[in-house]
Amino acid sequence: MLSRELKAGLVVLAAALVLYFGISYLKNSRLFKEGITIYSVYDRVEGIMGSQPVTINGLAVGRIENIYFHPDQSGRVVVAMTINTEYPIPVTTLAQIKSSDLLGAKEIALQIGNGSVLVEDGDTLRSAIEESLGDAINKEVLPVKVKTEKLIASLDTAIQILTGFLQGGVERDF
């Protein structure tokens with residue numbers, strides 16, 4: 001028969017293990033390494049966060065494991081991705097940050113390049129950032145905004161001249 005102290009110790013040990021594995025699960029860290037880890041370096045990450053998907057042609061083939069500043073103190077950001085696929089990924093592949101939906105959620109889409117040399121664990125891919133929907137709209141609307149501001153300024157000037165003309169032509173009795 002087990003003593004009360006031993007039972008309490010086993011319960012505490014089991015609770016500690018459940019807590020450790022639960023926190024690891026919530027942080028999306030894996031206990032056993034699956035696939036390969038590859039990297040990409042960006043000037044900015046546009047809201048990308050850990051555990052978001054890495055896709056090829058819309059199919060999830062991995063996820064983002066870690067995001068941190070480049071060790072060279074340049075301010076660039078390194079994104080570590082775990083890829084869990086046997087699909088051949090050449091070293092000329094582009095890792096592009098893009099919106100995965102209209103609400104602005106981000107993912108990294110791998111645009112497969114040409115070549116026979118495949119990525120290996122620890123390789124770094126070329127990187128790019130897709131223009132967001134808001135940026136595209138701003139780029140299209142900016143010329144209209146500038147022209148509208150010029151038109152409003154011209155109208156304001158014309159109204160001031162007209163107002164001055166009309167006020168000057170009316171006699172005043174004081």
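The values are calculated or read from the model by the stated rules, or taken from the named source; none is laboratory data. Everything numeric here is computed off the predicted structure, so don't read it as measured data. Methodologically, a virtual Cβ is constructed for each residue, glycine included, from the backbone with ideal geometry; neighbour enumeration extends over all protein chains shown. Side chains are part of the model used for accessible areas, which takes the heavy atoms of the whole protein and leaves out ligands, DNA and RNA. Shrake-Rupley method; radii C 1.70, N 1.55, O 1.52, S 1.80 Å.
Annotations for the structure displayed:
- With respect to the stated conditions, residue 118 fails to be out of contact with any Gly (no Cβ under 7 Å at 6 or more places or on another chain) and at pLDDT below 80.
- Residue that is surrounded by the fewest Cβ atoms within 10 Å (Cβ to Cβ) [pool: residues in the range 94-111 that are closer than 12 Å to residue 58 by Cα and of a type in the set (A, V, I, L, M)]: 109
- Comparison of 134, 164, 122 shows that the only residue that is surrounded by 10 or more Cβ atoms within 10 Å (Cβ to Cβ), in contact with a strand residue (DSSP E or B) (Cβ under 9 Å, 6 or more places away or on another chain) and either within 25 Å of residue 36 (Cα to Cα) or without any contact (Cβ under 8 Å) to a residue 40 or more places away in the chain (or both) is 122.
- Residue in the range 98-115 that is of a type in the set (Val, Ile, Thr), more than 22 Å from residue 134 (Cβ to Cβ), in contact (Cβ under 8 Å) with a residue 12 or more places away in the chain and in contact with a Lys or Arg (Cβ under 9 Å, 6 or more places away or on another chain) present: no
- Matching residues in the range 41-61 - criterion: being closer than 14 Å to residue 112 by Cα and open to solvent by less than 30 Å² (accessible area, probe 1.4 Å): 54, 55, 56, 61
- Of all residues making up the range 67-93, the number that are assigned to a strand (DSSP E or B), free of Cβ contacts under 8 Å to residues at least 24 places away in the same chain and open to solvent by less than 80 Å² (accessible area, probe 1.4 Å): 1
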